[in-house]
Amino acid sequence: MAHSYDVLLSFDVAQLSEKLRAREVSPVEVTEAYLRQIEKHNTTLRSYITVTDDLARKAARRAETEIVAGKWKGPFHGVPIALKDLLYTKGILTTGGSKILGDFKPTFDATVWTKLKRAGAILLGKLNLHEFAYGVTSSNPHYGTCRNPYATDRIPGGSSGGSAAAIVAKMAAATIGSDTGGSIRIPAALCGCVGLKPTWSRVSRYGVIPLAATLDHVGPITRSVRDAALMLQVIAGRDPNDSTSSREKVPAYAKACDGGISGTRIGVIRELTSELSEDVARSFDGALATLRSLGATVDEVSIPSLPLAGAVSGIITWAEALEYHEEWMRTRAQDYGEDVRWLLEIGMITPAATYVRAQRARARILADALKAHDTHDVLVAPTSAIVAPPVRETSMLDPGPLFDVVRSILRFTSAFDVTGQPALAIPTGLSPGGLPISLQIIGRLFDEPTVLRVAAAYEAARGPLAPPTL
């Protein structure tokens, strides 16, 4: 039986995979629904740089044949997904959101895509981002300004703006983003979806264009907490091609979503509860009340060195980003967008001693964070102090407002790239103006299951978020 496109697009991965497995829906019709949605909305939202429609249709037919033959590969078999355009895809344009790599087609796949492809996922295309993942707006000078599905005059956040916008606009069932200072959680927060930055080293970064090698993380951006758990299950684990990937055992993440949180100890990070907009403060207090109503103990906790994290993150990123871009800055500086070139120039004047001190300071911040975990299972904070700002207020033509925006957002996320802890962004509701607001849940190193358990319990109590009107 044929299904309407709206029905097919309404399923999250957890629901869709069950229907695909039971052959109630076909990968071919689901893929066609997503391709039609991309065609309908991408001109406005600029979520995709490249749409791999022919390859997607071919993969969908193959998945259908396999499923009919009883060769179901798991929850992502026949599920249409998309990748941030800094993951290598063999023979497919991989731009990094840049002019410099405008015609680059890798000769191999990123490990994350290899794993998803092996699990039967269908690639719809490559997603727009802040150029080379170096910014929080996703206003890309080369491939167009990515826009927020809840209000197209607003930024989606960055750098994985296309990944979050595509989820919320139902232009992909699940997406992959990367996070160096907040680039999974920020767009998830501003667009109104779930973004999970795993523990550093939990997911391979082989074949992923780097921003700052010791801070970069790869992870899922999805409609639901369970979808994030299912996607992490596929992409987590040791990779011989990435010497920094962990040998830590990969637990059953989806199973963690089924537990309650009665008796769970939740710490509200004191250093991240000031200078919030009125709407964010109200929504955050409401989320804490919901967590208490579910039986959790919620009280305040301090991470004294946390205010250092912004400077530490900035210094490390300036230096490590330059290391990757140094040759192009010598030969093709004019091909960078103005904001990214400016940041790379700061890297040129960052002393080596300053970089070493910043790396040393990471240990102190992590020690303080882990001390907070002695008495608390997870920590919480807003994901951003503000809702998505207008695109016009984030232009380099008037950097003053842009710096204020960056501080109001990065202050809440970058610390947990510095410490490497898992952190998940989940919507708490919409502002009176109809824009998403988000809660951030932070866990101990490699304790994604507890983060997912708390997030899933909160999500169920919160109920569905009103979708954007597109």
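The values are calculated or read from the model by the stated rules, or taken from the named source; none is laboratory data. It should be emphasised that the depicted structure is a prediction, and the values quoted were computed from it without experimental measurement. We place every Cβ from the backbone using ideal geometry, glycine too, and count neighbours over all the protein chains shown. The protein model used for the area step is the full one, side chains on, heavy atoms only, and it has no ligands, DNA or RNA in it. Shrake-Rupley method; radii C 1.70, N 1.55, O 1.52, S 1.80 Å.
General observations
- Dividing the radius of gyration of the alpha carbons in the stretch 159-316 by their Kirkwood radius gives 0.97 for Rg/Rh.
- Cα gyration tensor category, rounded, prolate or oblate, for the stretch 352-470 with a/c compared to 1.5: oblate
- Of the residues Ala121, Ala466, Phe132, the one whose Cα sits farthest toward the positive end of the charge dipole of the chain, with +1 on the Cβ of Lys and Arg and -1 on the Cβ of Asp and Glu, is Ala121.
- Residues in the stretch 301-322 that a label on Arg270 would reach, taking backbone N under 12 Å of a point 7 Å out along Cα→Cβ: 301-306
- Stokes-Einstein D in µm²/s, Kirkwood radius over Cα pairs - the chain at 4 °C with 1.567 mPa s viscosity: 59 µm²/s
- Taking the Cα centre of the stretch 378-470 as reference, the dipole from Cβ charges on Lys and Arg (+1) and Asp and Glu (-1) amounts to some 140 debye.
- Nearest-20 debye value, the stretch 1-151 charge dipole, Cβ charges on Lys, Arg, Asp, Glu: 360 debye
- Using the 1.4 Å probe convention, the accessible area of the stretch 387-470 works out to 35 Å² per residue with neighbouring protein chains retained.
- Of the complete DSSP H runs in the chain, those spanning 24 angstrom or more by Cα along the long axis with a mean Kyte-Doolittle score not below -1.0 are 27-45, 309-331, 352-372.
- In the chain the longest region clear of trypsin sites (Lys or Arg not before Pro) that are loop-assigned by DSSP and have at most 16 other C-beta atoms within 10 Å covers 91-237.
- With the simple spin-label model, which puts each label point 7 Å out from Cα in the Cβ direction, the Asp6 to Glu39 separation comes to 1.9 nm.
- Charge-dipole axis of the chain as Lys and Arg at +1 and Asp and Glu at -1 on Cβ define it, positive-most pick from Ile269, Val68, Trp342: Val68
- Magnitude of the charge dipole, the chain, Cβ model with Lys/Arg +1 and Asp/Glu -1, debye to 20: 1120 debye
- Accessible area of the stretch 201-310 belonging to carbon and sulfur atoms, whole % at 1.4 Å probe: 50 percent
- A simple spin-label model places the labels of Arg62 and Ser277 4.4 nm from each other, with each point 7 Å out along Cα-to-Cβ.
- Cα→Cβ-extended label distance, 7 Å offset, between Trp328 and Asn241, nm: 2.0 nm
- All-pairs alpha carbon distance profile, the stretch 257-309, 10 Å steps from 0, percent: 22, 44, 29, 5
- Applying the criteria of a DSSP loop state and at most 15 other Cβ atoms within 10 Å to the GluC sites (Glu not before Pro) of the stretch 203-280 yields Glu248, Glu275.
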